[in-house]
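The values are calculated or read from the model by the stated rules, or taken from the named source; none is laboratory data. What you see is a predicted model, and the numbers here were worked out from it, not measured in a lab. So basically every Cβ, Gly included, is an ideal-geometry build from the backbone, and we count neighbours across all protein chains shown. Side chains are part of the model used for accessible areas, which takes the heavy atoms of the whole protein and leaves out ligands, DNA and RNA. Shrake-Rupley method; radii C 1.70, N 1.55, O 1.52, S 1.80 Å.
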Protein chains: 2
Amino acid sequence: MSSSDSPLPSEKQADRILEAINDDYGGVVVEMTNEPMDAHIFVSLLRASLSHWRQLGKKGVWIKMPIELVNLVEPAVKEGFYCHHAESRYLMLVHWLPSTPNTLPANASHRVGVSAFVMNEKNEVLVVQEKDGKLQGTGLWKFPTGVVDEVGAGDQSYVIFNGEKMTKETAFMWLYKLTFFHPQGEDICDAAVREIKEETGIDSEFVEILAFRQSHKSFFEKSDLFFVCMLQPLSFDIRPQEAEIEAAQWMPFEEYTAQPFVQEHEFQRYIADVCLAKKDEGYSGFSPVPMVSDFSLPKSYLYLNQQDLDI
Amino acid sequence: MSSSDSPLPSEKQADRILEAINDDYGGVVVEMTNEPMDAHIFVSLLRASLSHWRQLGKKGVWIKMPIELVNLVEPAVKEGFYCHHAESRYLMLVHWLPSTPNTLPANASHRVGVSAFVMNEKNEVLVVQEKDGKLQGTGLWKFPTGVVDEVGAGDQSYVIFNGEKMTKETAFMWLYKLTFFHPQGEDICDAAVREIKEETGIDSEFVEILAFRQSHKSFFEKSDLFFVCMLQPLSFDIRPQEAEIEAAQWMPFEEYTAQPFVQEHEFQRYIADVCLAKKDEGYSGFSPVPMVSDFSLPKSYLYLNQQDLDI
């Protein structure tokens with residue numbers, strides 16, 4: 001702990017504390033490399049580092065611990081860290097240093113899914129039967145659905161940045177510091193277009209979000225947001241995805257809504273009613289407007305009732 | 001591993017494998033108690049259990065590991081487990097046993113926030129100045145905002161279930177098995193009402209979601225969904241929350257929109273335009289319709305343009 005007596009690290013001192021970058025919120029981020037480290041060496045470095053960061057008045061200390069260094073998780077927890085979140089390849093540990101209330105951001109709480117209403121000029125709707133899942137073998141024809149991708153989660157792919165080969169996540173850390181670019185999660189409108197293409201081979205253009213459901217039946221404590229989207233087909237020749245899709249077809253809309261599953265479930269009935277209203281052009285959903293973010297970050301979408309706003 | 005040679009566990013065998021409950025997806029869930037366990041004993045139990053579950057054709061094996069047992073994380077990873085997600089009190093480890101592609105659900109990818117547009121009969125809007133955050137000290141008056149609560153995350157509160165005192169999470173595990181009740185995350189409409197009450201003391205009734213933004217600037221790889229809600233005030237006497245709110249007031253809407261921060265930011269300008277359109281009754285947002293879920297689960301809300309649907 002003696003290495004932290006002086007407020008700024010000398011080069012010699014820097015060897016004895018963990019390498020960290022400042023974040024925008026008065027804290028520091030340590031990204032551990034995959035190289036094995038002895039737990040005793042780690043604890044010694046960590047204690048010296050914590051003492052140093054306390055002297056600098058740092059608030060949150062984040063340690064991104066690759067799964068390969070799982071032996072260091074227990075020592076970190078003993079030094080006061082807790083798990084903020086985890087992905088398949090790493091654990092994110094955090095320690096709030098000040099005595100003031102912890103203002104660290106909450107962990108992600110929702111998964112986001114999309115369902116696609118795609119209708120051709122013959123009033124036929126694009127429907128699929130899935131190979132797996134709760135509805136397997138029921139003969140039900142349903143709208144294509146999918147989950148919005150989280151870019152980088154468990155992703156080990158590499159990029160070249162500043163002439164160096166590094167993981168996307170490492171590049172992200174650098175870029176985050178430089179604040180001119182973020183890798184992104186997937187936009188709802190892009191996810192809907194991608195899912196239709198993957199499951200049915202149909203090209204399409206995003207039109208609107210017609211409705212969405214928030215539910216809390218997800219695995220463990222997580223919640224779901226499920227967006228029902230309308231898309232305009234740009235191609236019509238169906239090629240079902242082999243891995244997930246049993247069958248896909250264009251089905252008359254009336255035949256789709258007449259299915260017992262649709263008639264007997266309140267949610268399905270509502271969605272069918274919304275699609276019917278939309279088909280007859282008496283319904284305004286929310287359409288995406290690209291935004292330049294407030295803080296020089298990459299594009300985001302604002303979804304709103306553009307039709308009513310233009311009036 | 002010899003304990004798993006017979007397909008069904010005898011009572012004696014049951015002592016030597018981990019206690020698990022079946023989930024609805026052909027997998028099993030192990031909830032470790034907080035009691036310390038030697039890593040060697042754990043590995044022996046885990047190997048016997050995995051062999052047993054493989055014989056039974058189980059798919060996903062979930063282990064909920066309390067932070068107190070962090071010494072068992074490294075051994076579990078060595079047996080093929082990875083981190084699915086984590087909260088402050090536990091890590092959720094998972095192992096996909098079959099040789100078929102992993103169909104385990106994705107981790108939560110989004111945080112959900114709300115912003116509240118609350119206007120009184122004098123066309124004054126409810127605004128606050130926050131004590132912390134990026135806008136601190138800028139003099140900006142903004143709509144009250146907050147994060148949707150994730151019930152149970154890091155929550156150590158207890159409930160009485162079947163005559164026994166247990167954590168909400170443990171009760172949840174039992175209830176999940178019995179499938180007649182789930183503890184819930186917070187609904188967007190409830191979160192907006194709660195945030196206004198907490199920050200300003202104002203009682204209100206939820207009206208509509210006017211618009212929402214999906215952005216990807218969150219900590220690390222997580223995304224945000226931010227819902228702009230309209231609420232009808234039911235009381236008018238402001239009592240600002242001491243911890244987070246510097247000041248709160250009813251401000252003429254024109255004065256709010258004239259602020260440079262609102263004028264200079266595309267997102268803020270759009271929201272002001274939407275609120276103006278709503279105030280003049282020319283804008284339909286999405287309002288919540290309570291649903292009985294498809295699978296006998298508790299209430300969820302479907303948000304849609306009810307005004308257009310009623311036409």
request  = Kindly indicate whether residue B:206 is in the same structural domain as residue B:131 (by TED's automatic domain parsing), under 29 Å from the mean Cα position of the chain (by Cα), at pLDDT 90 or above and closer than 25 Å to residue B:276 by Cβ.
outcome  = yes
Cβ pairs under 9 Å, 6+ apart or interchain, first in the range A:32-54 and basic (Lys, Arg), second open to solvent by less than 30 Å² (accessible area, probe 1.4 Å), ordered by first then second residue, are A:47/A:4; A:54/A:4; A:54/A:97
Any hit, the range B:201-220, residues being part of a strand (DSSP E or B), more than 14 Å from every other protein chain (Cβ to nearest Cβ) and in contact with a Phe, Trp or Tyr (Cβ under 7 Å, 6 or more places away or on another chain): no
Taking the range A:89-113 and keeping residues open to solvent by 10 Å² or more (accessible area, probe 1.4 Å), within 7 Å of chain B (Cβ to nearest Cβ) and at pLDDT 90 or above leaves A:111
Condition set over 23 Å from residue A:248 (Cα atoms) and at pLDDT 80 or above, scope the range A:175-200, selection nearest to the other protein chains (Cβ to nearest Cβ): answer is A:185
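Which one is farthest from residue B:194 (Cα to Cα), of the residues in the range B:115-140 that are among the charged types (D, E, K, R) and surrounded by 15 or more Cβ atoms within 10 Å (Cβ to Cβ)? Talk me through it step by step, then tell me what you get.
We begin by selecting, within the range B:115-140, every residue among the charged types (D, E, K, R); these are B:121-122, B:124, B:130-132, B:134.
Cutting the leftovers down to surrounded by 15 or more Cβ atoms within 10 Å (Cβ to Cβ) gives us B:124, B:130-131.
Working: B:124: 20, B:130: 17, B:131: 19 Å.
That would be B:124.
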Within the range B:255-285, the count of residues that are at the interface with chain A (Cβ under 7 Å from one of its Cβ atoms) and within 18 Å of residue B:115 (Cβ to Cβ) comes to 9
ask   = Is there a residue being under 19 Å from the mean Cα position of the chain (by Cα), in a strand (DSSP E or B) and of a type in the set (D, E, K, R) anywhere in the range B:94-111?
value = yes
Per the filter on the range B:71-88, residues open to solvent by less than 10 Å² (accessible area, probe 1.4 Å) and hydrophobic (A, V, I, L, M, F, W, C) are B:72, B:73, B:76, B:81, B:83, B:86
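Condition first: surrounded by fewer than 18 Cβ atoms within 10 Å (Cβ to Cβ) and assigned to a helix (DSSP H, G or I). Now tell me which residues in the range B:57-70 satisfy that.
Across the range B:57-70, the qualifying residue is only B:68.
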Within the range A:45-59, is even one residue within 21 Å of residue B:73 (Cβ to Cβ), out of contact with any helix residue (DSSP H, G or I) (no Cβ under 6 Å at 6 or more places or on another chain) and not hydrophobic (A, V, I, L, M, F, W, C)? no
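What are the residues in the range B:12-26 that are of a type outside the set (Asp, Glu), modelled with pLDDT under 85 and open to solvent by less than 100 Å² (accessible area, probe 1.4 Å), if any?
Scanning the range B:12-26 gives B:13, B:14.
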Per the list (1) under 20 Å from residue B:186 (Cβ atoms); (2) in contact (Cβ under 8 Å) with a residue 60 or more places away in the chain, residue check on residue B:249 breaks on (1)
Scanning the range A:252-271 for residues that are among the polar types (S, T, N, Q) and surrounded by 13 or more Cβ atoms within 10 Å (Cβ to Cβ) gives A:257, A:259, A:268
Per the filter on the range B:120-164, residues modelled with pLDDT of 50 or more, away from chain A (no Cβ under 14 Å) and not in a loop (DSSP other than H, G, I, E, B) are B:124, B:125, B:126, B:127, B:128, B:129, B:164
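Could you go through the range B:228-249 and let me know if any residue there is within 10 Å of another protein chain (Cβ to nearest Cβ), in contact with a Ser or Thr (Cβ under 7 Å, 6 or more places away or on another chain) and under 19 Å from residue B:126 (Cβ atoms).
Looking through the range B:228-249, at least one residue is within 10 Å of another protein chain (Cβ to nearest Cβ), in contact with a Ser or Thr (Cβ under 7 Å, 6 or more places away or on another chain) and under 19 Å from residue B:126 (Cβ atoms).
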